[in-house]
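One structure follows; several queries about it will come next.
The values are calculated or read from the model by the stated rules, or taken from the named source; none is laboratory data. All figures in this text were calculated on a predicted structure; none of them were measured in a lab. Cβ coordinates were reconstructed from backbone atoms using ideal geometry, including for glycine residues, and neighbour counts include every protein chain displayed. Just the protein is used for accessible areas: all its heavy atoms, side chains included, with ligands, DNA and RNA removed. Shrake-Rupley method; radii C 1.70, N 1.55, O 1.52, S 1.80 Å.
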Amino acid sequence: DAIYIPEEEYFALMEDIGNGGTLKQRDNGTLYVEKGDKYKENILRNLRLKRENVCFSVINRGTLWYETLTQEQKEELKIWYKAWLDVTDTNIIPDTPNWL
């Protein structure tokens, strides 16, 4: 018996499985992913890697770069940086300031 899954839902399921979730089927035939400890660990690991690649590459620029920023940009950068530091608690990836 085949189960039709819309493309968007399929990719979401595959992403969850790739993060360590387990594919399950309900009695009514619908599919879902059980998200255990391994899934949660993988999500946190992926968030940390993304933080390192996206955020730290900006934050770790030198003084010369920082001196070119306006006060408003510096404040926005502080807020963005704090949101990245909190990403493993919030699970919310902050929007990158447009000027970066």
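Go through Tyr10, Gln73, Tyr39 and say which Cα lies farthest out towards the positive end of the charge dipole of the chain; charges sit on Cβ, +1 for Lys and Arg, -1 for Asp and Glu.
Comparing the listed Cα positions along the dipole, Gln73 ranks first.
Can you tell me, using C-alpha contacts under 8 Å and at least 6 residues apart, the relative contact order of the chain as a whole percent?
The normalised contact order for the chain reaches 19 percent.
Under 13 Å Cα-Cα from Lys38, which aspartates and glutamates qualify once same-chain neighbours fewer than 8 residues away are excluded?
Straight-line reach from Lys38, under 13 Å: Asp16.
Please work out how much length the chain gains when fully extended from Asp86 to Thr63, using 0.36 nm per residue of separation minus the C-alpha to C-alpha distance, in nm with one decimal.
Net length gain for the segment: 5.9 nm.
Another one. With r defined as the distance between the Cβ atoms of Tyr4 and Leu49 and R0 fixed at 41 Å, what FRET efficiency is calculated, to the nearest 0.05?
0.75
Counting only Cα, what are the radius of gyration and maximum Cα-Cα distance Dmax of the range 30-100, in Å?
Looking at the range 30-100, its Cα Rg and Dmax stand at 15.6, 56 Å.
Mind ranking Tyr4, Tyr10, Tyr32, Tyr39 by accessible surface for me, highest first, 1.4 Å probe?
Tyr4, Tyr10, Tyr32, Tyr39
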